[in-house]
Amino acid sequence: GGERRRHQRMVARQIAARIDYGGHSILAMVENISEGGTFVRLSASLPLGADVTVELTAPGAPPIRLIGRVVSQTRPVCHPGGVNAPGLCIAFQSAPNNGRDQLIALLKSLVPRYPPMPVRAHGQAIV
């Protein structure tokens, strides 16, 4: 089905995340991210509706702290690296300090998960 998202999702596998929930910190792998939220894989599953703090760390950039909520989860999948981890969608709800500006700057350095289709002129794809 077609996706109905307000923000374009960007591929973000070079970004690490730490999810703080219930007094515990869990390391996660960011698969994609947008201004509105992120999809991560992590070693533990969290309940739907859980309020979490997400700290994102990209190479060469200061950590970004965001407040979010778990809005969906997926079953564990096997990755080529042998990681069998559940996935969580986390919707960002607020960004303390200048977190939103930091996030927008980070997104500009990433590539879209679904690149726009090439424009066709006279039946030929523009390369």
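Take peptides 58-64, 8-14, 36-42 and line them up by average Cβ neighbours within 10 Å, highest first, as a rough protection proxy. Walk me through the numbers on the way to the answer.
Values: 58-64: 13.1, 8-14: 17.1, 36-42: 21.6.
Sorting 58-64, 8-14, 36-42 by mean packing, highest first, produces 36-42, 8-14, 58-64.
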* Once phi is turned into ³J(HN,Hα) by the Karplus curve 6.51 cos²θ - 1.76 cosθ + 1.60 with θ = phi - 60°, what whole-Hz value does each residue of the stretch 102-110 show in order, with x for glycine and proline? -> 4, 5, 4, 4, 5, 4, 5, 8, 10
* Asked: Pulled fully out, how much extra length does the chain show between residue 8 and residue 108, if you take 0.36 nm times their separation in residues and subtract their Cα-Cα distance?
  -> 34.9 nm
* What is the distance, in nm, between label points placed 7 Å from the Cα along the Cα-to-Cβ direction at residue 75 and at residue 27? -> 2.8 nm
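The numbers here are math on the coordinates, done by the rules we state, and not lab data. Please read these numbers as outputs of a predicted model, since none were measured by experiment. Every residue, glycine among them, receives a Cβ derived from its backbone with ideal geometry; neighbour counts consider all protein chains shown.
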